[in-house]
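Visitor: My questions all concern the structure below.
The values are calculated or read from the model by the stated rules, or taken from the named source; none is laboratory data. All of these numbers come straight from a predicted model, not from anything done at the bench. Note that we place each Cβ from the backbone using ideal geometry, even for glycine, and neighbour counts take in every protein chain shown. These accessible areas exclude ligands, DNA and RNA; they are computed on the full protein's heavy atoms, side chains included. Shrake-Rupley method; radii C 1.70, N 1.55, O 1.52, S 1.80 Å.
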Amino acid sequence: MTVLSLHPDRLFAAEPQQRDIARRLYAEIKDLPIISPHGHTDPRWFADNQNWDNATSLFLLPDHYVFRMLYSQGISLEQLGIRRKDGSPVETDYRKIFKIFAENYHLFRGTPSRMWLDSVFHDVFGFKVALTPDTADQYYDQINAALATEAYKPRALLDRFNIEVIATTEGALNDLRHHAKLKGSGYEKRVITTFRPDDVVDADLADFASNVAKLGELTGQDTQSWAGYLQALRIRRAAFRDHGATATDHGHPTAKTADLPLKEAEALFAKCLAGTASQDETELFRGQMLTEMAGMSLEDGMTMQIHPGAHRNHNQVIFDRFGADKGADIPSPTEYVSNLKPLLQKYGNEAGLKIILFTLDETTYARELAPLAGHYPALKLGPAWWFHDSPEGMLRFRHQVTETAGFYNTVGFNDDTRAFLSIPARHDVARRIDCRFLAQLVAEHRLNEDEAHQLAHDLTYRLAKQAYQL
Amino acid sequence: MTVLSLHPDRLFAAEPQQRDIARRLYAEIKDLPIISPHGHTDPRWFADNQNWDNATSLFLLPDHYVFRMLYSQGISLEQLGIRRKDGSPVETDYRKIFKIFAENYHLFRGTPSRMWLDSVFHDVFGFKVALTPDTADQYYDQINAALATEAYKPRALLDRFNIEVIATTEGALNDLRHHAKLKGSGYEKRVITTFRPDDVVDADLADFASNVAKLGELTGQDTQSWAGYLQALRIRRAAFRDHGATATDHGHPTAKTADLPLKEAEALFAKCLAGTASQDETELFRGQMLTEMAGMSLEDGMTMQIHPGAHRNHNQVIFDRFGADKGADIPSPTEYVSNLKPLLQKYGNEAGLKIILFTLDETTYARELAPLAGHYPALKLGPAWWFHDSPEGMLRFRHQVTETAGFYNTVGFNDDTRAFLSIPARHDVARRIDCRFLAQLVAEHRLNEDEAHQLAHDLTYRLAKQAYQL
Amino acid sequence: MTVLSLHPDRLFAAEPQQRDIARRLYAEIKDLPIISPHGHTDPRWFADNQNWDNATSLFLLPDHYVFRMLYSQGISLEQLGIRRKDGSPVETDYRKIFKIFAENYHLFRGTPSRMWLDSVFHDVFGFKVALTPDTADQYYDQINAALATEAYKPRALLDRFNIEVIATTEGALNDLRHHAKLKGSGYEKRVITTFRPDDVVDADLADFASNVAKLGELTGQDTQSWAGYLQALRIRRAAFRDHGATATDHGHPTAKTADLPLKEAEALFAKCLAGTASQDETELFRGQMLTEMAGMSLEDGMTMQIHPGAHRNHNQVIFDRFGADKGADIPSPTEYVSNLKPLLQKYGNEAGLKIILFTLDETTYARELAPLAGHYPALKLGPAWWFHDSPEGMLRFRHQVTETAGFYNTVGFNDDTRAFLSIPARHDVARRIDCRFLAQLVAEHRLNEDEAHQLAHDLTYRLAKQAYQL
């Protein structure tokens, strides 16, 4: 059996001077509370505080990082127990699925998933032997046994993980019932929501018109009119704030923004509602709505996050059979300089506004994003995102962004995950990589070590709280 | 005279821990047989097994990496003995040309050509002094003397180089006479062909229609009809397989694919044949043909290679005077996500299909290619190609691809060369860089050393055999 | 108080072997004279040789790197004393502005500005304590006192900085009075001008037609005709050469070039003059003018510099209030392969022509620029520019360019600055980074150390003199 151990120096540069400095920096920030201002955990977990079922449904079924890799090597989603839309039978033997995963665990060598999973196995469940086909059953049983205990209930883990605050993400039409249930539990300030209005601003969605109608019902506004629609959004934003939200999130295909005259915006909205808008027009409408949302953020103080550049559901066969979020979203080239200009013309000089930009297109780090954030008071840069939420990705981010944007136009780490158990591991990777980067600057005499200590604290804790107003 | 020596640790990181690990990994794979599944050596060499002529015509005249650099510094192609289309006189004194090369050898400092050439000089010809103007004559004479011996005949070198299998590349209309001659020689399974149909699918070529007509003659099919044309391609693919081919290769300007209804495909083909197709239409036709070829690969099991993104013959003056492949092909930005979608919609979920993607646009590694290959069962990623077939290029490939695609969606190394003598050196560079990359992961505790040993073997040998079915 | 010291090994890799080699390389080139062939210092300084006023107006007000960062964090340009177009009051207490700068000096951690400024403080003014809010007054007073002395007059610093030659940049309509004044001073060969005709070739400028009219007055040509306009440009180029110019510079939004038939060029020029040209047509005209300028360079031997890819004055509010060059220029994706083709078709094969390409889009280094410069005799690559004139930016340049273009298709360093006092620091960063890069190649046995010594000298001194004919 292969030993599973997590080396205390993992992810630090091998070169001894840098490693020593990184160790010193890391020692001072490794135990800081976790700030998780953007993610996709299920608020029901914290509201109901029920035990999780089993290893497979906790680790594998919701983790598109994991099953996309298995799928890429010829293992069908049915074999992995992913539910089909048409109700056709899929594998339901969770032990068997876990075994398939164990048999293919070598596929994850060199990937962040491997690092996160090993951390969970070691730190959360106490394994000292590696996951292999031989140990699959032992793993499955031991994890399931642990999950059935008090110590592994969601709120217990929230404490054990030292999570000071975690934000979930809900659509504009969500009734926020789980967050409502948290009120008075003592957890309402630790588990907060985020306002994600994509469903009611993306007119490419089949149910856009009905979503807008529901928005009207929910808020008592006439959402068939442009003014009523905007007012309804304001009301929903307030409702989210009432459940702790300090931020909004916008997942658009591109970074396009627009600033249309009122009449044109009204006419465009009407076309979108009527379902007669062209693709260019729905894109324009999304762009207009980013600018509207920035305006509302200026009014109500919510931090605005823009996550553009994913070509969603690239694999039509998989989408038709299994639905969204099945590992088939693919990044696309993303342009920011022209696309953001209308919004920035209007609001970019507002020092009181906080807009956090993310990207899946790393070519924009040094070329577009760092120069933009290094000038406009309203802009900050979110951390390396999604496919780039990885040791190499984070290093590329710091190496390419820092010289032009500095550290203080960035906002700390986001785990952006629905894999709750991996949150400490993900933050730990970010902390280690930040310390490694700082250690390199110190070792090359580009930064003093006392400054690096202060920066390590800022990048781990203070900047996230400040950017998200936590 | 300057000493020529190849340091045993060359290309490994200088940092001692990483270097030690890299040495251990490299020691176990350095002597593995060479798998060369994609390249451009001349099959006549192996069929006829004649001695080569001289150093200049072997090293310089066919190597566009070499003369493009000399040309960029003001040395004319005529001075370098490159034949003109119009038959105007060019330098024919091969010793003099070799001398020019020696006088300008410093231009190659820091380039892979320098590394490959020094390896050939040292390992293949036994030089212990560096190539300089002073040693040019000695080099020229000693190389020519060696080339005249039995030990330097192509088949002898194939053995000495420990090449288990090497694939050449032939156009769809090639009569494969050299491969036919190899039958029964004992070499027919070591020297195989690859099916490259660009000449009969690229309607931008002046001789497209006549090529399609020849395709008809060669196969007895009516290639004026869409069905007959497709059937003729099937027949040629079978002929290539009969000469060992396990793969096809497609060198298109872009990665565009299409999946047209039958009637539209027929009409488009007719337009292309008639020479009335617009540039958009010939591009669409090439895109349609990629999808057709993927379909045929699914039928006949051939691995499909897509090599897009070269702007061929960018320098019209050079093309008019000297023809193609004169160092004037320049990479262009290449988009994969939208362009490949039609093909992937149709065949991307086929686990039995093997499509290997290459790129000259490194921005697509982390943004598009790794995410695509990390999801679609049919896709794998080819190694760093052409301008990126270099130590830095290979490192960028591994650093940018591995975290999302893993190692097992890649296919080992291709030398892609017509410079036969440099093949061991090129594979050695790839082996060293892979070991260096793995050593970094081990030294940073991101991978166990026993896993790294297994991966080094896979990347050097097993994955290439598997991907190309060798 | 925090100590300010500059470590002798700063910017070298921490790994001891590489650091040792870098030290040896650097020791031999660190004291070479400075060649500054491209920059924006004010020629009046050297013509009049007056003392500078004070620290704020010397360091802060002209340095858009500095105030863009302060602005991005919510400090208004008015607070920083930047003059408004409308004459509204702004801060005029220079000591107070310097204090704001000191209070926010931590924002520059990890940026090249920090490194340049610390070098100036330490090496030029002799500070041994760091700039902090506590030391701001001391800094301000001590700098101002020094600036008032003989030793800190512009010409004295030119000597102290060991600047062999420095080029300023003047528009085509500039009367070159300061350079005229330098004639006979003994400085006329050390301070030379550069011909920058953007004002008379960019028909998007509001004053384009009047600029062209002035060009006519200045040269006695009828600049309403295409032929007269071109002749006037030839005359101005000669006038600039008479004031030392060996180069021209072209700052276009894109790299577009064109090669129109005479009639079309004439008609396009007429449209541009008449103010009836569309944006596509003004872009085409700029492209045509790049090709015309290349032709004139072939005639008169001036080196041609192309600096494309900045989206100028992205922030309209700032532009309207404060004008150009206020830190609001943002890089854009830039395409070279198709855009340069018309110019290269006409002149790319001229070995006597020197065209130096720059970029703000690093994705083009390995994909487009290195392949182009590694083929076309007329092309060379300028150093990492503007946002990329930084340790990381320079390393990316060398790592991505060298393998395809070699070292000898590059042209040494440009400081491109108006911050005169920082010139030694900027060249020192470039020298250190080049030595670091070379040291890595040596330590990894990719280059011999004697070759690295020769290259260090070439990159620091010889290549710049050669490329700019100094």
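Visitor: Using a 7 Å offset from Cα along Cα-Cβ at B:GLU264, what residues in the range B:321-338 end up with backbone N under 13 Å from the label point?
Guide: Correct set: none at all.
Visitor: Next question. Given Cα pairs under 8 Å that are at least 6 residues apart, what percent is the relative contact order of chain A? Write out the running numbers ahead of the final one.
Guide: Values: 785 pairs, mean separation 94.6, N = 470.
Worked out over chain A, it gives 20 percent.
Visitor: Run through the other copies and list how far each one's label point is from that of A:GLU188, in nm with one decimal, shortest first; the point sits 7 Å from Cα along Cα-Cβ.
Guide: From this label point to the equivalent ones elsewhere in the assembly: 8.3, 8.3 nm.
Visitor: Using the membrane-span-like helix rule (whole DSSP H runs, Cα extent along the own axis of at least 27 Å, mean Kyte-Doolittle hydropathy at least -0.5), which helices of chain B qualify?
Guide: On the way: long enough: B:279-300 (31 Å, -0.63); B:423-443 (30 Å, 0.20).
Long hydrophobic helices here: B:423-443.
Visitor: How many Cβ atoms of partner chains, on average, are near each residue of C:328-337 if near means within 10 Å of its Cβ?
Guide: On the way: counts 6, 2, 15, 9, 7, 10, 1, 2, 2, 6.
Mean partner-chain Cβ count within 10 Å for C:328-337: 6.
Visitor: Ordering A:HIS399, A:HIS457, C:HIS179 by how much accessible area each has at a 1.4 Å probe, largest first, what is the list? Mind showing how you got there, number by number?
Guide: On the way: A:HIS399 40, A:HIS457 70, C:HIS179 5 Å².
So the residues, ranked largest to smallest area, are A:HIS457, A:HIS399, C:HIS179.
Visitor: So, counting K/R as plus one and D/E as minus one, what does the shell of residues with Cβ under 9 Å around B:PRO133 add up to? Please report the intermediate quantities before stating the final value.
Guide: On the way: positive: B:LYS99; negative: B:GLU103, B:ASP134.
My count for the surroundings of B:PRO133 gives -1.
Visitor: Continuing with this model, one more query. Which value, in debye to the nearest 20, describes the size of the charge dipole of the range A:234-370 about its Cα centre when Lys and Arg Cβ atoms bear +1, Asp and Glu Cβ atoms bear -1, and nothing else is charged?
Guide: Numbers: 15 positive and 19 negative charges, 42 e Å.
With only Lys, Arg, Asp and Glu charged at Cβ, the dipole is about 200 debye.
Visitor: Using modelled backbone amide H atoms (1.01 Å from N, in-plane), which distant-in-sequence or interchain residues come within less than 5 Å of C:GLU350's amide H?
Guide: C:ALA378
Visitor: Hey, another quick one. Holding the Cα-Cα limit at 28 Å, pick out from C:LYS99/C:LYS128; B:LYS30/B:LYS96; C:LYS30/C:LYS99 the pairs that are longer than that.
Guide: Details: C:LYS99/C:LYS128 18 Å; B:LYS30/B:LYS96 37 Å; C:LYS30/C:LYS99 34 Å.
Exceeds cut-off: B:LYS30/B:LYS96; C:LYS30/C:LYS99.
Visitor: Next up: Give me the Å³ per residue figure for the convex hull around the C-alpha atoms of the range A:1-123.
Guide: 170 Å³
Visitor: Right, something else. Cross-link partners among lysines for B:LYS354, C-alpha distance below 24 Å, same-chain residues fewer than 8 apart left out?
Guide: Excluding near neighbours in sequence, the set is A:LYS326, B:LYS189, B:LYS256, B:LYS341, B:LYS346, B:LYS380, B:LYS465.
Visitor: For chain C, what percent of Cα pairs sit more than 34 Å apart?
Guide: On the way: 39985 of 110215 pairs.
Here the tail beyond 34 Å accounts for 36 percent of pairs.
Visitor: Tell me the total accessible area that C and B bury against each other, 1.4 angstrom probe, in square angstrom rounded to 100. Please report the intermediate quantities before stating the final value.
Guide: Working: alone 19530 and 19460 Å², together 35190 Å².
Chains C and B together bury roughly 3800 Å² of accessible area.
Visitor: I've got another one for you. Kindly state, to the nearest 0.05, the FRET efficiency for B:ARG84 paired with B:ASP204, given R0 = 22 Å and r defined as their beta-carbon distance. Walk me through the intermediate numbers first.
Guide: On the way: r = 24 Å, r/R0 = 1.10.
Computed FRET efficiency for B:ARG84 and B:ASP204 comes out at 0.35.
Visitor: Which chymotrypsin sites (Phe, Trp or Tyr not before Pro) in the range A:70-140 pass both tests, a DSSP loop state and at most 16 other beta-carbon atoms within 10 Å? Provide the component values of the computation, followed by the final result.
Guide: Numbers: sites: A:TYR71, A:TYR94, A:PHE98, A:PHE101, A:TYR105, A:PHE108, A:TRP116, A:PHE121, A:PHE125, A:PHE127, A:TYR139, A:TYR140; in loops: A:PHE125, A:PHE127.
Loop-located and lightly packed - A:PHE125.
Visitor: Here's a follow-up. Using a 1.4 Å probe on protein heavy atoms, which residues of the range A:430-470 have at least 50 Å² less accessible area in the complex than alone?
Guide: Buried on complex formation: A:GLU444, A:HIS445, A:ARG446, A:GLU451.
Visitor: When all C-alpha to C-alpha distances in the range B:51-152 are sorted into bins of 10 Å, what percent of pairs does each bin hold, rounded to whole numbers?
Guide: It works out to 15, 50, 30, 5, 0, in whole percents.
Visitor: Sort shortest first the distances from A:LEU32 to its counterpart in every other copy, using label points 7 Å along the Cα-to-beta-carbon line, and give them in nm.
Guide: Listed shortest first, these distances are 4.3, 4.3 nm.
Visitor: Roll a 1.4 Å probe over the protein chains and send me the accessible area per residue for the range C:51-152 in Å².
Guide: On the way: 3930 Å² over 102 residues.
Accessible area per residue: 39 Å².
Visitor: Averaged over all directions, how much area does the convex hull of the C-alpha atoms of the range B:231-358 cover when projected, in nm²? All intermediate terms of the calculation are to be shown ahead of the outcome.
Guide: Numbers: hull surface 37.1 nm².
Quarter of the Cα hull surface area: 9.3 nm².
Visitor: Working with all protein chains in place, sort B:TYR336, A:TYR152 by solvent-accessible area computed with a 1.4 Å probe, largest first. Each step should come with its number before you reach the end.
Guide: Numbers: B:TYR336 0, A:TYR152 30 Å².
Solvent-accessible surface, decreasing: A:TYR152, B:TYR336.
Visitor: Tally up the carbon and sulfur contribution to the accessible surface of the protein assembly as shown as a whole percent, 1.4 Å probe, everything protein left in place. Intermediate values should be presented prior to the final figure.
Guide: Working: 22810 of 47090 Å².
C and S fraction of accessible area: 48 percent.
Visitor: Sort all Cα-Cα distances of the protein assembly as shown into consecutive 20 angstrom bins from zero, then give the percent of pairs in each bin up to the one containing the longest distance.
Guide: The calculated distribution, bin by bin, is 9, 36, 39, 15, 1.
Visitor: Have a look at C:ILE433, A:GLY126, B:LEU205 and report the one farthest towards the positive end of the charge dipole of the protein assembly as shown, computed about the Cα centre with Cβ charges (Lys/Arg +1, Asp/Glu -1).
Guide: A:GLY126
Visitor: Could you give the spread of the C-alpha atoms of the range C:370-427 along their three principal axes, from largest to smallest, in whole angstroms?
Guide: Principal axes ranked by extent give 38, 23, 16 Å for the Cα atoms.
Visitor: Considering the alpha-carbon set of the range B:168-266 alone, what are its Rg and its Dmax in angstrom?
Guide: Considering the range B:168-266 through its Cα atoms, Rg and Dmax are 14.6, 47 Å.
Visitor: Considering the options B:PHE98, B:LEU77, B:THR149, tell which one lies farthest towards the positive end of the dipole of the range B:51-152, charges being +1 on Lys and Arg and -1 on Asp and Glu at the Cβ, about the Cα centre.
Guide: Farthest along the dipole direction, towards plus: B:LEU77.
Visitor: Please give the direction-averaged projected area of the C-alpha convex hull for the range A:320-470, in square nanometres with one decimal. Kindly include the intermediate steps, with their values, before the conclusion.
Guide: Details: hull surface 42.4 nm².
The number I arrive at for the range A:320-470 is 10.6 nm².
Visitor: Another question about this same structure. Report the normalised scattering of the range B:219-298 as log10 I(q)/I(0) at q = 0.13, 0.27 Å⁻¹, calculated by the Debye formula with identical scatterers on the alpha carbons.
Guide: -0.42, -1.39
Visitor: Could I ask something else about it? Return the whole-Å distance between the Cα centroid of the range B:31-64 and the Cα centroid of the range A:243-278.
Guide: Each part's Cα centre sits 61 Å from the other's.
Visitor: A further question follows. Hey, can you list the residues from the range B:391-419 whose accessible area shrinks by 50 Å² or more with all protein chains present, relative to the chain by itself (probe 1.4 Å, no ligands or nucleic acids)?
Guide: B:GLU392, B:ARG396, B:GLU403, B:THR404, B:TYR408
Visitor: Divide by every residue of chain B the summed helix terms, -39500 (n - 2.57) for each DSSP H run of at least 4, and state the resulting mean residue ellipticity at 222 nm, rounded to the nearest 500 deg cm²/dmol. Write out the running numbers ahead of the final one.
Guide: Values: 20 runs with 208 residues, N = 470.
Using -39500 (n - 2.57) per qualifying helix, the result is -13000 deg cm²/dmol.
Visitor: Cα centroids of the range C:297-328 and the range A:131-152: how far apart, whole angstrom?
Guide: Their Cα centres are 62 Å away from one another.
Visitor: Can you compute the FRET efficiency between B:ASP141 and B:ASP48 using 1/(1 + (r/R0)^6), with r the Cβ-Cβ distance and R0 = 30 Å? Round to the nearest 0.05.
Guide: Numbers: r = 25 Å, r/R0 = 0.83.
Here the calculated transfer efficiency is 0.75.
Visitor: Mind checking which aspartates and glutamates have their C-alpha under 14 Å from B:LYS85, skipping anything on the same chain fewer than 8 residues away?
Guide: Within reach: B:ASP320, B:ASP325.
Visitor: Shortest first and in nm to one decimal, what separations exist between A:ARG462 and its copies in the other chains, measuring from label points 7 Å along the Cα-to-beta-carbon line?
Guide: Ordered by distance, the counterparts are at 5.0, 5.0 nm.
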